[in-house]
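J.: Starting off with a structure, shown below.
The values are calculated or read from the model by the stated rules, or taken from the named source; none is laboratory data. Just so you know, these numbers come straight off a predicted model, no measurement behind them. Here Cβ is always computed from backbone atoms with ideal geometry, including for glycine, and neighbour counts include all displayed protein chains. Protein only, heavy atoms only, side chains kept; ligands, DNA and RNA dropped before computing areas. Shrake-Rupley method; radii C 1.70, N 1.55, O 1.52, S 1.80 Å.
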Amino acid sequence: MKLIVSSPPHWHAKIDVAKIHLHLIIALIPAVLFSVYTYGIHSARVIALAVATAVISEILIRRLLKKPVTIDDGSAILIGLLFAMIMPTSTPYWLVVIGTFLSIFIGREIFGGLGCNPMNPVIVGWAITRISWPNYFNLDLASVGYNLDFNYRYPLALLKSGGVDQIADFALIDLLLGKQVGGLGSAAAIFLVIGGVYILYRGFITWEIPLSFTVGVLAMASIFWLTDSSQYANPVFHLLTGNVIIGIFFLATDFSSSPFNRWGMIVFGLGCGILTIILRIWSIYPDGVLFAILIMNLFTPLLDKIHKKPLHLEIKEL
Amino acid sequence: MDQLALNRNDLQIIEAPEPKEVILPLKGLEGRDKLRIKIGQRLITGQVLYPGLYSSVTGIVKSIDSMSFPDDDYTVIRVEVADEDEFDEAIKAEPDFQGKTPAELLELLNRANLGISEDLADIDTVFVTAVDPDPLSLVYQQVLKEFKAELSEGFKLIKYLTSAKRVILAISEEAKELGSAAIGDVADLMLVKSQYPNGLPELLAQRIAEQDSSAKLAFIKIEKLISALTILKEGKPAIYKLVTVNTKSGVNNYRVRLGTPIKEIIKEDELNNNDKIIIGSPLRGAACFNLETPVTADIDLIYVQDTDEVYNYQNLQCINCGKCVKVCPVNLEVNLICRYAEFALFERCAELDVNACIECGLCAYYCPSGRALVQFIRLAKDEIKQQNIEQLLVTTENSTEEDQ
């Protein structure tokens with residue numbers, strides 16, 4: 001009789017990294033489908049190219065560094081997909097390739113791979129391309145040539161250039177239903193909310209960051225709006241435009257670059273929300289979400305120090 | 001179904017057949033030279049074999065040799081069991097325990113193989129655990145159901161023995177009515193959610209300490225308490241243990257003679273190659289490698305895990321998801337501790353209070369990377385312990401040099 005011997009525990013919840021990433025990808029599918037439905041083949045082109053580049057980059061880099069190739073954990077696919085979601089439909093193929101490669105290489109692999117990245121890799125790739133080739137990020141131009149049944153101007157650019165009067169004809173319900181110009185997937189607010197609620201319900205992400213991020217955006221926008229509603233936009237408008245929804249559910253919640261303690265997560269989320277509005281109002285960029293998350297990523301090690309000390313109890317058995 | 005739910009089941013106790021041979025280990029005791037027996041000698045039930053070790057059967061000593069257990073090697077005494085029990089006269093019934101002093105009572109109980117801690121001073125609150133601490137275990141609720149009428153007598157015994165002011169009965173939420181009937185006005189009730197790890201004594205203690213931080217706590221398992229009452233009533237030593245046996249063919253609560261080898265409870269035809277036999281909880285227990293391992297007083301559960309269900313923990317990279325931190329019942333930063341341990345930075349593990357870990361196993365259970373987190377924590381604890389000893393040695397050496 002041969003018996004297996006090992007150290008406890010002898011059970012496991014049977015959840016692995018690949019399963020978590022698979023469900024995060026599933027949660028993005030409604031927004032992907034909506035994007036392809038709205039923008040057609042160009043949207044599909046960017047998504048397919050980004051995902052393929054991410055996977056191939058990981059294989060190449062890992063081979064070069066003589067590390068085991070781990071594409072089967074699904075994280076490269078997720079990075080590629082998320083990168084595509086925040087890019088305009090009109091992004092040229094070379095920019096997609098460069099951006100995704102940078103996400104994988106600078107964003108993740110040079111820090112040691114999955115779990116070691118101090119900043120969200122998707123946003124790192126995005127930020128480098130955004131600053132290096134700003135002309136390709138003009139979302140108003142991205143919608144040229146489409147026969148869209150909604151206002152084809154980018155709401156946040158209008159707000160930045162023309163003030164609050166310019167955005168009067170954006171109905172909030174249209175913004176919610178994704179009838180707005182934005183990143184190719186990030187504009188599909190309601191579909192991202194559906195995906196986000198799914199991963200929250202299944203427990204793949206926790207409620208702290210999404211909730212505090214939302215509260216941060218709404219609270220900070222309300223402060224400005226209540227002071228002067230003729231100059232500042234409605235808080236709900238801020239919540240539904242740009243990359244806020246995708247940031248709340250999919251980007252700020254990146255495991256490695258966000259805090260793991262409850263109160264750290266709450267402060268992190270609030271910080272993301274508050275910085276988002278500050279950058280939208282005072283920076284030169286129309287949308288501040290991704291930079292806000294990137295800045296808060298840098299505070300993560302500090303926020304992780306917010307932790308209740310464990311109670312050490314000696315207990316006597318009779 | 002939730003795997004970590006604490007099970008509830010209405011079972012009847014099955015009397016396990018008396019063993020042909022028992023194995024009595026000198027656990028935690030040193031040196032077989034102090035043994036008061038030799039091979040071929042006839043033992044009677046309750047006889048002293050060594051200070052703190054008593055025979056659980058009547059029979060002939062067959063051999064004295066050593067055997068490997070999951071934690072260490074021990075000297076074991078094999079006894080061939082006779083048909084009839086003959087009890088040691090030294091143990092006498094004491095139905096009215098208040099007639100003796102607490103110290104005399106303690107001596108009597110320990111003479112009858114109960115193994116109660118000798119150090120009973122400085123205790124003001126005792127809690128009785130009547131909730132099964134681990135999934136699959138059904139022993140505590142069974143004892144509660146069978147002996148509910150005797151519990152209030154037991155609480156009085158504890159108060160008398162330890163001079164504790166307060167006794168608390170920890171019970172699962174589902175057994176609330178049973179509990180409130182049992183406590184009378186002698187004890188308080190603490191309701192525990194039927195979900196691992198809420199029933200672990202460490203966490204029950206934490207709950208009590210949160211309400212009353214000055215409480216000096218101790219606990220006793222309900223089965224031990226009932227054994228104490230039985231000893232006082234019948235004047236016979238504690239020689240049986242109730243064990244939940246969970247095999248592929250079913251779940252049973254057996255009353256087993258102490259020292260019975262596991263192979264007499266689990267038949268070999270119930271086992272396949274590459275199964276795992278777990279002594280104790282599926283999250284905390286040790287895997288058994290020897291079917292001769294005897295049943296001892298600390299075993300509540302024997303669980304046979306099918307080879308298909310055996311999970312192999314690996315050492316993949318931590319993805320920092322923070323699940324381990326969220327599920328940790330004592331609030332440790334498990335992800336950091338384990339990465340420090342991985343790179344041999346044990347002082348940092350100590351700074352993060354790794355010694356507060358109660359090894360409930362939840363972090364590893366939930367880890368999506370399948371990391372062997374409990375092993376890392378054990379490694380860190382062990383290294384810290386050894387380094388502390390080394391530091392102590394260094395300081396004493398230095399001071400002796402100075403003295404000279």
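J.: Tell me, which residues of the range B:338-385 get at least 30 Å² less accessible area when the other protein chains come in, versus the chain alone (1.4 Å probe)?
T.: Listed in order, they are B:D353, B:A356, B:Y365, B:P368, B:Q375, B:R378.
J.: Just the accessible area per residue of the range A:17-303, please: how many Å² with a 1.4 Å probe?
T.: Accessible area per residue, the range A:17-303: 41 Å².
J.: Further question: Multiply the residue separation of B:E15 and B:E173 by 0.36 nm, subtract the distance between their alpha-carbon atoms, and state the gained length in nm to one decimal.
T.: Details: separation 158, 0.36 × 158 = 56.88 nm, distance 2.88 nm.
Roughly 54.0 nm would be gained on extension.
J.: Separation of the range A:156-203 and the range B:196-254 by C-alpha centroid, Å?
T.: Each part's Cα centre sits 58 Å from the other's.
J.: Given a Förster distance of 41 Å, report the FRET efficiency between B:S68 and B:A93 from their Cβ-Cβ distance, rounded to the nearest 0.05.
T.: For B:S68 and B:A93, the calculated efficiency is 0.55.
J.: Could you give the semi-axes, largest first, of the ellipsoid that matches the range A:66-133, computed as the square roots of 5 times the alpha carbon gyration tensor eigenvalues and rounded to whole Å?
T.: Numbers: eigenvalues 86, 32, 20 Å².
They are 21, 13, 10 Å, listed from largest to smallest.
J.: Need one number: buried accessible surface between chains B and A, 1.4 Å probe, both sides summed, DNA, RNA and ligands left out, in Å² to 100.
T.: On the way: alone 20710 and 16380 Å², together 31920 Å².
Summing both chains' loss of accessible area gives about 5200 Å².
J.: Determine, at each q value in 0.08 (inverse angstroms), the log₁₀ of I(q)/I(0) that the Debye formula gives when each Cα of the protein assembly as shown is one equal point scatterer.
T.: -0.77
J.: Right, next: Of all alpha-carbon pairs in the range A:17-303, indicate the percentage at a distance above 29 angstrom. Before the final figure, lay out the partial values.
T.: Numbers: 11283 of 41041 pairs.
Within the range A:17-303, distances greater than 29 Å cover 27 percent of Cα pairs.
J.: Can you compute the equivalent ellipsoid semi-axes for the range B:323-391, i.e. the square root of 5 times each eigenvalue of the Cα gyration tensor, sorted largest first and rounded to whole Å? Could the numbers behind the result be given before it?
T.: Details: eigenvalues 83, 26, 19 Å².
So the equivalent ellipsoid measures 20, 11, 10 Å along its semi-axes.
J.: Using a cut-off of 18 Å between alpha-carbon atoms, which aspartates and glutamates can reach B:K216, once sequence neighbours fewer than 8 places away in the same chain are excluded?
T.: Straight-distance partners of B:K216: A:E314, A:E317, B:E118, B:D119, B:D122, B:D124, B:D188, B:E202.
J.: Ignore the peptide's own chain and count Cβ atoms of other chains within 10 Å of each Cβ in B:322-335; give me the average, rounded.
T.: Details: counts 11, 7, 1, 7, 6, 1, 1, 1, 4, 6, 3, 6, 1, 3.
Taking all residues of B:322-335 together, the mean is 4.
J.: Once neighbouring chains are kept in place and the probe is 1.4 Å, which whole percent of the accessible area of the range A:17-303 is contributed by carbon and sulfur? Write out the running numbers ahead of the final one.
T.: Details: 8220 of 11620 Å².
Carbon with sulfur: 71 percent of the solvent-accessible area.
J.: Hydropathy at least 0.5 by Kyte-Doolittle, axial extent at least 27 angstrom from the Cα trace: which helices of chain A, defined as entire DSSP H runs, fit? Walk me through the intermediate numbers first.
T.: On the way: long enough: A:17-39 (32 Å, 1.65); A:41-64 (34 Å, 1.38); A:208-227 (28 Å, 1.52); A:262-282 (30 Å, 1.53).
Taking the DSSP H segments of chain A (at least 27 Å long, mean hydropathy at least 0.5), we get A:17-39, A:41-64, A:208-227, A:262-282.
J.: Further question: Dividing the Cα radius of gyration by the Kirkwood radius, what Rg/Rh value follows for chain B? Working shown, then result.
T.: Working: Rg = 22.8 Å, Rh = 23.3 Å.
Ratio value, two decimals: 0.98.
J.: Related question: When Cβ neighbours within 10 Å are restricted to other protein chains, what is their mean count per residue of peptide A:306-314? Present the calculation step by step, with values, prior to reporting the outcome.
T.: Working: counts 0, 6, 1, 5, 13, 10, 6, 11, 3.
Average per residue, whole number: 6.
J.: Under 26 Å from the Cα of B:K62, which lysines turn up, not counting those fewer than eight places away in the same chain?
T.: Here the lysines satisfying the reach criterion relative to B:K62 are B:K20, B:K27, B:K34, B:K38, B:K236, B:K241, B:K263, B:K267.
J.: Can I ask one more? Pull up the DSSP beta bridges for chain B and report the antiparallel fraction as a percent, rounded to 5. Please list the in-between numbers first.
T.: On the way: 35 of 58 bridges.
Restricted to chain B, the bridges split so that about 60 percent are antiparallel.
J.: Can you give me the distance in nm between label points at B:I44 and A:E314, each placed 7 Å from the Cα along the Cα-to-Cβ direction?
T.: Going from the B:I44 label point to the A:E314 one covers 4.1 nm.
J.: Tally the DSSP beta bridges in the protein assembly as shown and give the antiparallel ones as a percent, rounded to 5.
T.: Beta bridges within the protein assembly as shown, antiparallel portion: roughly 55 percent.
J.: While we're here: Give me the net charge of B:Q3's neighbourhood, meaning all other residues with Cβ under 14 Å from the Cβ of B:Q3; Lys, Arg count +1, Asp, Glu -1. Kindly include the intermediate steps, with their values, before the conclusion.
T.: On the way: positive: A:K14; negative: B:D2, B:D134, B:E309.
Around B:Q3, the surrounding residues sum to -2.
J.: If pairing requires two Cys Cβ atoms under 4.7 Å apart, which cysteines of the protein assembly as shown are left without a partner?
T.: Cysteines of the protein assembly as shown left without a disulfide-compatible partner: A:C116, A:C272, B:C288, B:C318, B:C321, B:C328, B:C338, B:C349, B:C357, B:C360, B:C367.
J.: Using protein chains only and a probe of 1.4 angstrom, how many square angstrom of B:V325 are accessible, to the nearest 10?
T.: 10
J.: Report the percentage of all Cα-Cα pairs in the range A:147-230 whose separation exceeds 19 Å, rounded to a whole percent. Walk me through the numbers before you get to the answer.
T.: Working: 1830 of 3486 pairs.
For the range A:147-230, the fraction of Cα-Cα distances above 19 Å is 52 percent.
J.: Highest mean first, how do B:148-158, A:217-227 rank when packing is the count of other Cβ atoms within 10 Å averaged over residues? Walk me through the numbers before you get to the answer.
T.: Numbers: B:148-158: 19.2, A:217-227: 17.5.
The most tightly packed comes first, giving B:148-158, A:217-227.
J.: Another question, if that's okay. Could you compute the FRET efficiency for B:K34 and B:L345, with r as their C-beta to C-beta distance and R0 at 35 Å, rounded to 0.05? Intermediate values should be presented prior to the final figure.
T.: On the way: r = 43 Å, r/R0 = 1.23.
So, using R0 = 35 Å, E works out to roughly 0.20.
J.: Another one. Take peptide B:268-274, look around each residue's Cβ out to 10 angstrom, count Cβ atoms belonging to other protein chains, and average those counts. Can you show the working numbers first?
T.: On the way: counts 1, 0, 0, 3, 3, 4, 4.
Taking all residues of B:268-274 together, the mean is 2.
J.: In whole Å, largest first, what are the principal axis extents of the Cα atoms in the range B:97-233?
T.: Extents along the principal axes, in whole Å: 40, 34, 27.
J.: Quote the relative contact order of chain A in percent (integer), defining contacts as alpha-carbon pairs under 8 Å separated by 6+ residues. Kindly include the intermediate steps, with their values, before the conclusion.
T.: Working: 492 pairs, mean separation 54.3, N = 318.
Computed value for chain A: 17 percent relative contact order.
J.: Given B:K148/B:K233; A:K305/B:K193; B:K145/B:K176; B:K159/B:K224; A:K2/B:K248, which pairs have Cα atoms separated by over 20 Å? Spell out each step's value before the answer.
T.: Numbers: B:K148/B:K233 16 Å; A:K305/B:K193 31 Å; B:K145/B:K176 12 Å; B:K159/B:K224 15 Å; A:K2/B:K248 17 Å.
Cα-Cα > 20 Å for A:K305/B:K193; rest within.
J.: Just how large is the dipole of chain B about the Cα centre, in debye to the nearest 20, putting +1 at every Lys and Arg Cβ and -1 at every Asp and Glu Cβ? All intermediate terms of the calculation are to be shown ahead of the outcome.
T.: On the way: 43 positive and 65 negative charges, 129 e Å.
Charge dipole, chain B, about its Cα centre: 620 debye, nearest 20.
J.: Suppose R0 equals 41 Å; then what is the FRET efficiency for A:N147 and A:V197 from their Cβ-Cβ distance, rounded to the nearest 0.05?
T.: On the way: r = 32 Å, r/R0 = 0.78.
Efficiency computed from Cβ-Cβ geometry: 0.80.
J.: From the gyration tensor of the Cα coordinates in the range A:182-318, what semi-axes in whole Å does the equivalent ellipsoid have, largest first, with each one equal to sqrt(5λ)?
T.: The answer is 32, 18, 13 Å, longest axis first.
J.: What's the center-to-center distance, using Cα atoms, between the range B:136-162 and the range A:205-266 in Å?
T.: About 54 Å separates the Cα centre of the range B:136-162 from the one of the range A:205-266.
J.: Now for a separate question. How compact and how long is the range A:128-175, expressed as Rg and Dmax of its alpha-carbon atoms in Å?
T.: 12.5, 35
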